[in-house]
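Structure first, commentary second.
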């Protein structure tokens, strides 16, 4: 058996700390996956903490009644049968002091390969300069990009829910109010339709708004403004009305925030003519792509993933560091299969990489970065070399972006394909709240490995 941490998860999108109201189990109790372990008071409500696995409560580390426990603090030790024993230090704690707020970040586990470490070994063919670089998080990279562009262009301003006084729900906009003032960093009411319309009107008038949604799930309240005003105005005005606006915020499933807050809208927005769609997977790309998006004269939907906000990579510090929209990145070169992903799915592919390489399979791994426009040249070049394709995406599989990409590949590379194209996607269900079911609803390492084996005819 092994001893696993039961960490305090983020139980709301803005949760930084929580209070342990009541333990519903005691040391020595056997528990099943999904059993309620404790009641946790968050900034929003009192929530139930579930067991992630079948096992036994070996040690309770945080006492009942403890307050201000930081997200990702060890609160209990759970023994799980069937795995190697791992020693843990049994050190009870009363409560943890608050740390730098991190929203709903959850550390990415599995094979523990970080995008940052891989990027250190890869050179981006788009970048020929010897950049001065520093390892920072995606959260910090996005903050840098916004600050630099606001310094360079007085027409750039930021608005959204809690972007100013609170420093942003995920602290992406931390410190910007102090630097630029309330005329350029605006807190808005909880009215997405209203402040999105305001931002689009400002863009039509010559300003360059960055419109933040606390989560893109809330952008559905403003979908009419985005689709019918932002996306179509240039066409319907005969090229007279530009809408230089960036819609940005977290997209996709995070960590137990429920079905209404765990949706991926990449296929939705990529369906709309007039919108550019970008989805970075690491801090370096996040900075370079956001700066390019702010400078673009068209409306850009910039989709982040909150589980990547803490992921680190080396990021150039120069103001002129840009990554062009519409250029994918070949982050690993191989010969046997092309594996395509974007945003969080790139991390899932990297988690599967060691097992794939143990099979003797050498993959091309493509990070799309830009969903619309799409770097078709790089994709087709890779497919014509490897003759096999696996597409990984977090969104629902039915009528997904991966389905469209599969169609493009088979239409343009049919004679080069030696196997069917396999798509690994999220399951067609509303996202479950239970942690164990949430994992099952999303693409996982085993599914990616199985897909690679199938297209490679490997047992």
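All of the numbers you see were taken from the coordinates with simple rules; none came from a lab. These figures come from a predicted structure and were not determined experimentally. Here the Cβ is made from the backbone with ideal geometry for all residues, glycine too, and neighbour counts use every protein chain on show.
Computed log10 I(q)/I(0) for the stretch 2-80 at 0.17 Å⁻¹: -0.57, from the Debye equation with unit scatterers placed on every C-alpha and solvent omitted.
Evaluated on the stretch 329-455, the Kirkwood hydrodynamic radius is 14.6 Å, with distances taken between all distinct Cα atoms. Relative contact order of the stretch 174-273, taken over Cα pairs closer than 8 Å and 6 or more residues apart, is 27 percent. A simple packing score, the average count of other Cβ atoms within 10 Å per residue, orders the peptides 210-218, 45-53 as 210-218, 45-53, with the highest score first. The calculated FRET efficiency for residue 187 paired with residue 439, based on their beta-carbon distance and R0 = 41 Å, is about 0.70. For the stretch 419-458, list residues with backbone N below 14 Å from a point placed 7 Å from the Cα of residue 398 toward its Cβ? Only 426-431 pass the distance filter. Using the rule -39500 (n - 2.57) for each DSSP H run of four or more residues, divided by the residues of the chain, the 222 nm mean residue ellipticity is -7500 deg cm²/dmol. Model label points for residue 236 and residue 319, set 7 angstrom from Cα along the Cα-to-Cβ axis, are 3.7 nm apart. Take the Cβ atoms of residue 132 and residue 335, set R0 to 35 Å, and the FRET efficiency comes out at 0.50. Expressed as a rounded percentage, what relative contact order does the chain have, with Cα pairs under 8 Å and six or more residues apart? RCO, the chain: 14 percent. Computed on the stretch 2-80, with alpha-carbon pairs under 8 angstrom and 6+ residues apart, the relative contact order is 43 percent. Convex hull of alpha carbon positions in the stretch 162-243: directionally averaged projected area 5.4 nm².
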